[in-house]
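Below is one structure, written out as structure tokens; the observations come after it.
The values are calculated or read from the model by the stated rules, or taken from the named source; none is laboratory data. All values reported here derive from a predicted model rather than from experimental measurement. Virtual Cβ from ideal backbone geometry, glycine too; neighbours counted across all protein chains shown. Surface areas here come from the heavy atoms of the whole protein model, side chains and all, with no ligands, DNA or RNA. Shrake-Rupley method; radii C 1.70, N 1.55, O 1.52, S 1.80 Å.
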Amino acid sequence: LGFGFVAVSSNDATQYPEDSFYNMWQFARKHNFTFPYLYDETQAVARTYQVACTPDFYIYNASAELVYHGQLDDARPQNGIAVNGRSVREVLDALFNSRSIPKPQKPSVGCSIKWKKEKSHS
């Protein structure tokens, strides 16, 4: 439909080896990702976009304007709602059909970013 997708992992793999580049690659292969899955080793991407948690969705229009920043859908652990991607799908549908973007945009909820520890300069 003309949409492009990319996933980015910014977690500190030194403290959280399960989030290493190799494990990301294995996860992407296991789940047959058809889009790039990148590793933000310096965490510059996460800081630039002010990412608070994973997953956190950013959708841009054809003019590279941010039109959505928020949740995938209303599913949460133990709330009984199935993962369906409704929030993101509604935005993509609106973009595809040249309609206004649905409001309100609910913030993402998930695990916090595993930030690297600041090095002491003493």
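For the chain, what mean projected area does the convex hull of the alpha carbons give, in nm²?
Values: hull surface 39.0 nm².
Seen from a random direction, the Cα hull of the chain projects 9.7 nm² on average.
A dipole drawn for segment 1-52 from +1 and -1 charges on Cβ atoms has a positive end, and of Leu1, Tyr39, Pro17 the residue lying farthest that way is Leu1.
Measuring only protein heavy atoms, the 1.4 Å probe finds Thr14 accessible over about 120 Å².
Between Ser20 and Val67, take the C-beta separation as r, use R0 = 41 Å, and let me know the FRET efficiency to the nearest 0.05.
On the way: r = 33 Å, r/R0 = 0.80.
Here the calculated transfer efficiency is 0.80.
Between Arg86 and Val45, the contour length at 0.36 nm per residue exceeds the alpha carbon distance by 12.2 nm. Rolling a 1.4 angstrom probe over the protein heavy atoms with all chains in place gives the chain an accessible area of 74 Å² per residue. Enumerate the lysines that Lys114 could reach by cross-link, defined here as Cα to Cα under 26 Å, with residues fewer than 8 away along the same chain left out. Straight-distance partners of Lys114: Lys30, Lys106. Give me the Kirkwood hydrodynamic radius of segment 63-122, using the inverse of the mean 1/r over all pairs of distinct Cα atoms, in Å to one decimal. Final number for the Kirkwood radius of segment 63-122 is 14.1 Å.
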